[in-house]
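Have a look at the structure below before the remarks.
What follows draws every value from the coordinates through simple rules; no lab data is involved. Not measured: the values here are computed from a predicted model. Cβ atoms come from the backbone with ideal geometry, glycine included; neighbour counts cover every protein chain shown.
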Protein chains: 2
Amino acid sequence: MAKLLLGKDVAEALNARIASRAEALVKKGITPTLAIIRCGEDPSQLSYERGALKRAETTGVTVRTEVLPGETGKEELLAKIKELGTDPMVHGILLLRPLPSHLRPFEHEICNAVPPEKDVDCMTDLSNAGVYTGSPIGFPPCTPQAVMEFFDYYHIDLKGKDVVVIGRSLVVGRPVAMMAMARHATVTICHTRTADVPFHTRQADIIITSAGVLNSLTAGYVREGQIVIDVAINWDPAKKEGKGGIAGDAAFDEVAEKAEAVTPVPGGVGAVTTSVLMEHVVSAAERQNGELID
Amino acid sequence: MAKLLLGKDVAEALNARIASRAEALVKKGITPTLAIIRCGEDPSQLSYERGALKRAETTGVTVRTEVLPGETGKEELLAKIKELGTDPMVHGILLLRPLPSHLRPFEHEICNAVPPEKDVDCMTDLSNAGVYTGSPIGFPPCTPQAVMEFFDYYHIDLKGKDVVVIGRSLVVGRPVAMMAMARHATVTICHTRTADVPFHTRQADIIITSAGVLNSLTAGYVREGQIVIDVAINWDPAKKEGKGGIAGDAAFDEVAEKAEAVTPVPGGVGAVTTSVLMEHVVSAAERQNGELID
């Protein structure tokens, strides 16, 4: 039976480090501040916001919630982003998405209005360039960074390891591949057009799955000794005595029987992402006040 | 014996297509124009420039050579880039590198002064973001695009193929991996920290090597039926009866004996890169004059 890599443990250790950095900033008169922009009252965005507020409290980050009506126009939203972008008291900006449908045609322009140094969840082209080139322009998306936090917490050195990533999205697959490669892993990216995914995954030292397909990672995909990082969040109608619940890509029981270590869903990577968001806000505050805190 | 994939043939077909697009632009009063900025008289830059001028002539692209003294200051160079960046008669800007040593600490800032829509050789962060996200922001580097031209010319469909890339540089390895993945290949990126490169390459359908190490790709790295794209340009002192000459990563004779197809060096990918540069200039002119040519 695989060792469980628990998000709770990773997040606790990370939160403590963030809190101590936030405290050091506050002592110097800098209150690390995240502005969350929400257009409308989407329930899943409200739920995400509550989670972020709670995590902010634990870590000593201040959150300013900017709620705009659901019918906000493009120019109003751009003006709000510009206001927060130039406000020296705001260090990070998070725009909750999906945007209302009338704004979606302008999503690329709207996201890129965020200054990259305040782009704490990789909404801009320049943050993506930073992930790809391995430079500190902006910040990587929170989820792949959360995966790296697991590697750090559990002392999993990627150097020379074969890492197989399932999924090539810009929020998980591609950035996690780049970040694993920056740690000197040999990375293979599998996706929907890959001819034989289990052929690749069985050879891996570490599998990072973000397919978003319930029970897609079965026993046939894994071998003994592997580490499986399950990044997906799927709805499993069969869970909790048929009432349904969230689950990852892994057919958990059969994968956990073979693998050496595995992240559960829930309780795995997803439990760390808002901590990473707060870490980015604190990093942003540190970078933006470099001369004050050096 | 492997089929030779010849850069000359790829370039000829590409040149003809570019020339016809350039001609169509000229008929509409738009002269596709590349500005080459050179600081000083570095012999290898002069040689590259001569090659570009020759290729420009074949394809109907106009080149404006801007030669600045080797001791040019940062502000002067930035002013020149700004001048060309805002000049509607200039569609592409190529800054020859390496820059003189006193400018190298500012290289990132200088390169990023080029507007991405005129960045025909991927010097800017935004062009890199375009390569990574698969969006037409700026242009990819010429060498990996030249590799794609081989796939097009020889009708090599990457969908579902296993492609192994050796090298993770921003000029070849990383972009060629992203571009192959955009064509739905399953890509593995090997590099200096990869534990067992031949293990990976022997499994590939297509090997793209950019290690930059003479004779590093030996018979043990390949198997029958593979396509080998050799992107490296190394100096081989043993070539041409000991007088020396350029060579790729592949120990050519032994690889060509096994592989199904291989690009020679010289005469392979390198013979196509300046054509790609001209294609980018013509594309840039088309994009910048979209309303005029639609």
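Tabulated values for the structure
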{"quantity": "Angle in degrees between helix A:142-153 and the longest Cα principal axis of chain A, rounded to the nearest 10", "calculated": "60 degrees"}
{"quantity": "Packing-based ranking, highest mean first, of A:114-122, A:66-74, A:14-22 given that Cβ atoms within 10 Å are counted", "calculated": "A:114-122, A:14-22, A:66-74"}
{"quantity": "Spin-label pair residue B:101/residue B:135, simplified geometry with 7 Å Cα→Cβ offset, distance in nm", "calculated": "4.0 nm"}
{"quantity": "Convex hull of region B:29-115 built on C-alpha atoms - directionally averaged projected area, nm²", "calculated": "5.5 nm²"}
{"quantity": "Residue order, fewest to most surrounding Cβ atoms within 10 angstrom, among A:135, A:127", "calculated": "A:135, A:127"}
{"quantity": "Distance in nm between pseudo-label sites at residue A:28 and residue B:64 (7 Å out along the Cβ direction from Cα)", "calculated": "4.6 nm"}
{"quantity": "Shielding score for A:126-138, defined as the mean number of other chain Cβ atoms within 10 Å", "calculated": "5"}
{"quantity": "q = 0.12 Å⁻¹, region B:177-240: log10 I(q)/I(0) [Debye, one scatterer per Cα]", "calculated": "-0.33"}
{"quantity": "Projected area averaged over orientations for region B:69-168, convex hull of C-alpha atoms, nm²", "calculated": "8.4 nm²"}
{"quantity": "Candidates per trypsin sites (Lys or Arg not before Pro) in region A:214-275, loop by DSSP, up to 11 other Cβ within 10 Å", "calculated": "A:243"}
{"quantity": "Calculated Rg and Dmax of chain B using C-alpha coordinates, Å", "calculated": "19.4, 56"}
{"quantity": "Positive-end extreme of charge dipole, chain B - chosen from B:203, B:142, B:188 (charges on Cβ)", "calculated": "B:203"}
{"quantity": "Length-normalised contact order of region B:60-202 in % [C-alpha pairs under 8 Å, at least 6 apart]", "calculated": "15 percent"}
{"quantity": "Antiparallel DSSP beta bridges within the protein assembly as shown, percent to nearest 5", "calculated": "15 percent"}
{"quantity": "Computed magnitude of the charge dipole of region B:29-115 (debye, nearest 20; Cβ of K, R +1, Cβ of D, E -1)", "calculated": "280 debye"}
{"quantity": "12 Å beta-carbon shell around residue A:245, net charge (K/R +1, D/E -1)", "calculated": "+1"}
{"quantity": "Rounded FRET efficiency, nearest 0.05, which uses the C-beta distance separating residue A:215 from residue B:74 and R0 of 56 Å", "calculated": "0.45"}
{"quantity": "Sites residue B:254 and residue A:157 - FRET efficiency at Förster radius 41 Å, r taken between beta-carbons, to 0.05", "calculated": "0.70"}
{"quantity": "Sequence of B:229, A:156, B:208 once ranked by neighbouring C-beta atoms within 10 Å, starting from the fewest", "calculated": "A:156, B:229, B:208"}
{"quantity": "Shielding by other protein chains, B:193-199, mean Cβ within 10 Å", "calculated": "4"}
{"quantity": "Alpha-carbon Rg/Rh ratio, for region B:17-62, with Rh computed the Kirkwood way", "calculated": "1.09"}
{"quantity": "Tilt relative to chain A, helix A:273-288 - C-alpha long axis, 0 to 90 degrees, to 10", "calculated": "40 degrees"}
{"quantity": "Net charge of Cβ neighbours under 15 Å - reference residue A:233; Lys, Arg +1; Asp, Glu -1", "calculated": "-2"}
{"quantity": "Footprinting exposure proxy for A:104, B:193 (fewest neighbouring C-beta atoms within 10 Å first)", "calculated": "A:104, B:193"}
{"quantity": "Hits among lysines - C-alpha to C-alpha of residue A:28 under 22 Å, sequence gap 8 or more where chains match", "calculated": "A:118"}
{"quantity": "Contact order relative to length of chain B, as percent, for alpha carbon pairs under 8 angstrom and 6 or more apart", "calculated": "22 percent"}
{"quantity": "DSSP-defined antiparallel bridges as percent of all bridges, region B:29-115, nearest 5", "calculated": "0 percent"}
{"quantity": "Region A:142-270 - share of DSSP beta bridges that are antiparallel (%, nearest 5)", "calculated": "15 percent"}
{"quantity": "Dmax and Rg, reported as Rg then Dmax, of region B:142-271 (C-alpha, Å)", "calculated": "13.6, 43"}
{"quantity": "Nearest-20 debye value, region A:142-270 charge dipole, Cβ charges on Lys, Arg, Asp, Glu", "calculated": "400 debye"}
{"quantity": "Per-selection metrics, the protein assembly as shown (Cα): Rg and Dmax in Å", "calculated": "25.6, 78"}
